[in-house]
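Quick note: the coordinates plus some simple rules give every number you see, no bench work behind them. Source: prediction; values computed, not measured. Virtual Cβ from ideal backbone geometry, glycine too; neighbours counted across all protein chains shown.
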Amino acid sequence: MINRRAIIVETPRTPLSGMEDGQRHGQFYLMTRRFTRNKMAVVALVFLVALILSAIFSDYLTPYDSSKQDLSARFLYPSLAHLMGTDDFGRDIFTRVLEGGRISLLVSVISVGISTVLAVVLGSIAGYFGGTVDNVIMRVMDIFIAIPGLLMAMAISAALGTGLVNTAIALAVSAVAPLVRQIRSSILLLKNQEFIEASKAFGAGDARIIITHVLHNIMAPLIVQISLRLGDTIMAIAGLSFLGLGVQPPTPEWGNMVAAGRDYIRQFWPIVTFPGVAVAVTMLAFNLLGDGLRDAMDPRMKR
């Protein structure tokens, strides 16, 4: 069974046989065409674009303040006035779901960005230079991998404290090790290729080779990994917030919204259902997008 999370090295692009602009445009056209044939991936992309736009412009999409309480309007079921009803403090659930999406997406992007940069740097150094540096980096990564990611994130959050930044840091650190290993493995397959040797023969330095040729050849599959990890991180953020280790009330976040409403789930289903569905659908959309990008960028991996 093919592991959809494995980074697959692309066909090397050598410095001696660069692609013409027309060929590049043709390749991009073929990739776009393959992607648009995957209807589920297209639907996922449309949903994510709509989610991002609604999160950015949430202040203009609803007339309510997410933190303003109205105890006379508690536990109202969905209606034209309140599309998703109101919670135990009379706050509009639709408004809080939109703002919770903004928080979740922001923390997810920051976390994945930090972990990707760290993984690219460490994986490139370990894979390209090898030797003692490789051994030291990978032994440290082995220790990180031995600890379940969510458990490590919980420990880091408990040590650093709650909040948006600390949650992003905790999730970033816990996600670095597996990506470092994948990047290192890909670079080990590339570094002895003829086009790398040719670059060295032309006097290119190690840093230039890594940035221009090595990383360039794993960029497409790395983009796929980023998409998949964004979905995982959304779920992890919700998990930490649900446990009280992530984003704290009254700041709306899908996980802490589910936690706050769990005592009322039997009496008033909207309070938990809508933020819970938002987490599940967003994670599914990122995974479908990642699968679609993988199939479009490397048809050999299509199942």
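Quick notes
- 15 Å reach of a label modelled at ALA50, 7 Å along Cα-to-Cβ, counting backbone N of the range 91-129: 98
- Rounded tilt (10° steps) of 93-129 against the dominant C-alpha axis of the chain: 20
- Each residue of the range 261-269 is assigned a 3J(HN,Hα), and the resulting list reads x, 5, 6, 10, 4, 6, 8, 8, 5 Hz, derived from the Karplus form 6.51 cos²θ - 1.76 cosθ + 1.60 (θ = phi - 60°), x at Gly and Pro.
- Remark: THR95, THR233 ranked as THR95, THR233, counting other beta-carbon atoms within 10 Å and listing the fewest first.
- Dipole of the chain [Lys/Arg +1, Asp/Glu -1 at C-beta], most positive-end residue of VAL258, GLY203, LEU190: LEU190
- For ARG91, the residues whose modelled amide H falls within less than 5 Å of its own, excluding neighbours fewer than 5 places apart on the same chain, are ASP70.
- Sorted by Cβ density within 10 Å, fewest first, the residues SER185, SER115: SER185, SER115
- Residues SER186, SER241, arranged from fewest to most other Cβ atoms within 10 angstrom of their Cβ, appear as SER186, SER241.
- The range 197-226 versus the range 82-147: alpha-carbon centroid distance in Å: 25
- Under the convention that each Lys and Arg Cβ holds +1 and each Asp and Glu Cβ holds -1, the size of the dipole of the chain around its Cα centre is about 740 debye.
- Vicinal HN-Hα couplings computed from phi for the range 135-147 (Karplus, 6.51 cos²θ - 1.76 cosθ + 1.60; Hz; Gly/Pro x): 4, 5, 4, 6, 5, 5, 5, 4, 5, 5, 5, 5, 9
- Counting all C-alpha pairs of the chain, share separated by more than 29 Å (%): 45
- Ranking SER66, LEU83, GLN225 by Cα position along the charge dipole of the chain, where only Lys, Arg, Asp and Glu carry charges on their C-beta atoms, puts GLN225 farthest toward the positive end.
- Gain on full stretching of the segment that runs from ARG37 to PHE89 - 0.36 nm per residue minus C-alpha separation: 14.1 nm
- Over the chain, relative contact order from alpha-carbon pairs under 8 Å, at least 6 apart, %: 28
- Label sites at LEU188 and ILE143, each approximated as a point 7 angstrom past Cα along Cα to Cβ, lie 2.1 nm apart.
- In the range 206-302, Cα pairs under 8 Å separated by at least six residues give a relative contact order of 31 percent.
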